1. Name the long-range amide H neighbours of residue 61: under 5 Å, sequence gap of 5 or more, or other chain; modelled H, no Pro or chain starts.
2. Write down the Kirkwood hydrodynamic radius of region 132-258, to one decimal in angstroms, obtained as one divided by the mean of 1/r over all alpha carbon pairs.
3. May I ask you to sort 154, 272 by Cβ crowding, counting other Cβ atoms within 10 Å and putting the fewest first?
4. Between residue 254 and residue 95, what is the spin-label point distance in nm, taking each point 7 Å from the Cα along the Cα→C-beta axis?
5. Can you work out the Karplus-derived ³J(HN,Hα) for every residue in region 257-270? Use 6.51 cos²θ - 1.76 cosθ + 1.60 with θ = phi - 60°, whole Hz, and x for glycine or proline.
6. Apply the Karplus curve 6.51 cos²θ - 1.76 cosθ + 1.60, θ = phi - 60°, to the phi angles in region 99-116 and return the couplings in whole Hz, x for Gly and Pro.
7. If packing is taken as the average number of other Cβ atoms within 10 Å across a peptide's residues, how do 135-143, 193-201 rank, most packed first?
8. Hey, can you grab everything whose amide H is under 5 Å from the amide H of residue 283? Only 5+ residues off in sequence or another chain; H modelled, so Pro and N-termini drop out.
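Readers should treat all values here as calculations from the given coordinates under stated rules, not as data from a laboratory. It should be emphasised that the depicted structure is a prediction, and the values quoted were computed from it without experimental measurement. For neighbour counting, all protein chains shown are included, and Cβ atoms are generated from backbone atoms with ideal geometry for every residue, glycine included.
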Amino acid sequence: MTTSGRNHRTIRAGLGVVALVVALTACASTKSDNAAPGPAQSTSATTGAPDGSGGPLQILVTNDDGVGAAGIDAVVQALVALPDVHVTVVAPADNQSGSGGKTTVGPLTVTDATTASGYPAKAVHGYPADTVRWAIDDHGIDVTPDLVVSGINFGQNIGPTTDKSGTVGAARAAAARKIPALASSQGLGNPPTWADGVAAVLAWVAGHRDALGAGAPGAPLVLDNLNVPTCTAGAPRGTITVPVATDGAGRDQNAVDCTSTDANLPDDIAAFTHGYITVSTLDPVSTTGTTAP
């Protein structure tokens, strides 16, 4: 896998965003609908686009933990609460963690479903990358996404294991179709701090929204991998842009210290385990994408 050529690392303070998420999530809970959409429908929260494009920001949300997982439910609630956003959910019917970029040969079976809190969705009986294929190639949805958000996954996807992630596989499938994508993961913990993960996703969307532009032509092709630590003490130290580690040997990716003051952070494993939210730009091509019957 190749990584971002950006060796420059930027740190952004994210304090206060969690409070925003709590407010947004509370608002979003009133927008759930127990009726699943038809094959060419999606559900939205829209008020018109401020950029003058005439439409909202179209976001397709998927994951690899399955449509009923807690992480996708949390991020969908928050995204729906944003102004001028249209959210469509197409996710695997069940857990497909570790499936990378695998795809299914032949027709896919797709059924009506909802997220854990009742937001309408489509459940694809296949791999995470299949959800993007069905939505886009098979015209399963009636909109063209401006952005695909994959996640929020339960468990970090950093270092050499990144390519094995179905969360990343779905994001790569979007990038292969020239659609900007974000793979998002919350670090392991009991319980995981979903609010931190949601806040990080919202901050990423806010930071890229002008460039994506609702319906704007020539939107940049972005493929980022976002990982948020679950802190047992303290809170995430900030957000840092780093390359994906090519060697994880001898490093415990679950030994996270959010109280660390270490500034030697050459890659995503080092930054993540020392308490930072990491953003790594990925190559759209992976060697792990395979097909399955």
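1. 88, 89, 90, 149
2. Answer for region 132-258: a Kirkwood hydrodynamic radius of 15.6 Å.
3. Lowest count first: 154, 272.
4. The two pseudo-label positions are separated by 1.4 nm.
5. Whole-Hz 3J(HN,Hα) from phi for region 257-270: 10, 7, 9, 5, 10, 4, 10, 8, 10, x, 8, 5, 5, 4.
6. 8, x, x, 4, 9, 9, 7, x, x, 9, 8, 10, 10, 5, 7, 9, 6, 4
7. Final packing ranking: 193-201, 135-143.
8. 2
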